[in-house]
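Report on one structure; see the data block that follows.
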Amino acid sequence: MAKFVLAGKTDCPYYAKAELLADTLQQCLPDFKIHKISILPDEWKEWLGATCEKNNWKHEGSPLVWRELVEQGGKGMLLGGFNDFLEHCQDYYGITSDMTTNVMLSVAAENLEAKMNLIKEEQHRASLIQPLHVWITGLHLLDLEGNEEQLQSLMLEIEELAISMLHQVTTGTDLERAFRKADVILLLDDGGHDGENEGEEVKKKKVKVISERYKEYGQLIDATAKETVKVIVSGDSFLNLRCSLLVDSARSIDSHQFIAAAAQLENEAKAVLGIKMRMRPSDITDVIVWGNISGTFYIDLQRAKVFNHDGPITGPAFFSQPLLSIFPDRKWLETDFQHLVRRRRLAVTSKTGQAAATSAANGILTVLKAWNGASDPDVLSSGVACPGHYSLPDGIVFSVPLTFTDGKWSVVSELTVENELKYRLELSASELQQEKQFGSDSGTTE
């Protein structure tokens, strides 16, 4: 197999003549293969210099012809220019070229026109692609602790997913470069878990670290991210507080662009119910999470529905029943159920020794799909700034039931809030206000 590479300026008549000669050889000889490289005139000199330097060749002018010798253990053997290629074809294959000058010039002009049209087509295609710039604190991966080696490992792992829509992954440890032109920002855990049994002073210290960092995050998002950026706060620690600090600090960005993800908690509640009712968690929908996602929350089932329930009343796959109508044990729902949901993630972590990363990722994906119109859940609980709804105070981010339409969310308003639920909402709101106060006090704490 004879494999040749023919490179030249798109407007070069001798490149055109060599090109047609190579086409003739390829048609006549099944073992002759040619690879053509067409270079724009203003780029030719630089390309030729780099290619010759790389291969330790000396050549001037267009075209450049070499023979690939990869199968013989070599990287390439230089033939030279057009005359050298023509002589080689005459000596080895008995084929020559009788192309006239006018034809050479005509083909060269066609080559240049075809190349320019190809470039314009590629530029048009690229203009139709509007890639999302996704920043993830630890696509752009950001870790302020300076652990570049771990970031590089994570980057390789993401690249190995071979996702067709993924264009590029970058990493960084420099806060000054964070969130530039971001379309989506995912903020994961910062500052450790907020344990239930830790003392007030320990909690204040954690809130101080988080407050300082997230105020800076918010200011950077305000200054460098796109106005339409979508910010999702996830993890196990102080979700509502962290999201609230971002809302306060990124003042030029609409508060509707910030969400604290409660989907993981919703799914954990469905898993507990699925075990109790001996059914698939995916067949349970419209579970509502109220309050402080990583603190005092309440799982509300007043709108919950079940599908494919094995009971006296059955129907097709789209048939659903209110969960409360087929689950009689209300005491369990108000006591043990709430406790089991609260403990479920901790149980997973204690058994595996790792955070529940898979369910957390699925929760983030649920929010992204709903927010970008890829799915249409009837109700999805999320922490948002929604003062006035359900008599909630200003200045906090509170988990409430949302609906998503055309990339925008709205609070579900037609829900019954009786005295018991009202008390639970007030309890969560008070806790969130206290966390916010800890952050305000931290500025003067030594």
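No value in this document is a laboratory result; all are computed from the given coordinates. Because the structure is a prediction, the values reported are computed rather than measured. Cβ atoms come from the backbone with ideal geometry, glycine included; neighbour counts cover every protein chain shown.
Worth pointing out:
- Förster radius 30 Å - calculated FRET efficiency between Ser413 and Val209, Cβ distance, rounded to 0.05: 0.25
- Distance between modelled label sites at Gln433 and Thr173, nm, 7 Å Cα→Cβ extension: 4.3
- Ranking of Cys243, Cys386 by count of other Cβ atoms within 10 Å, fewest first: Cys386, Cys243
- Whether segment 200-290 is rounded, prolate or oblate, judged on the alpha carbon gyration tensor where a/c under 1.5 counts as rounded: oblate
- Per-residue ellipticity at 222 nm from helix content only, as computed over the chain with -39500 (n - 2.57) for each DSSP H run of at least four residues, stands at -14500 deg cm²/dmol.
- When Cα extents along the principal axes in Å is calculated for this entry, the matching label among (1) 98, 64, 39; (2) 82, 74, 36; (3) 75, 42, 38 is (1).
- Pairwise label distance in nanometres, Ala361 with Ser106, each label 7 Å out on the Cα-Cβ vector: 6.0
- Dipole magnitude (debye, nearest 20) for the chain, charges at Cβ of Lys, Arg, Asp, Glu: 840
- Applying 0.36 nm per residue to the separation of Glu157 and Ala374 and subtracting their alpha-carbon distance, the gain on full extension is 75.6 nm.
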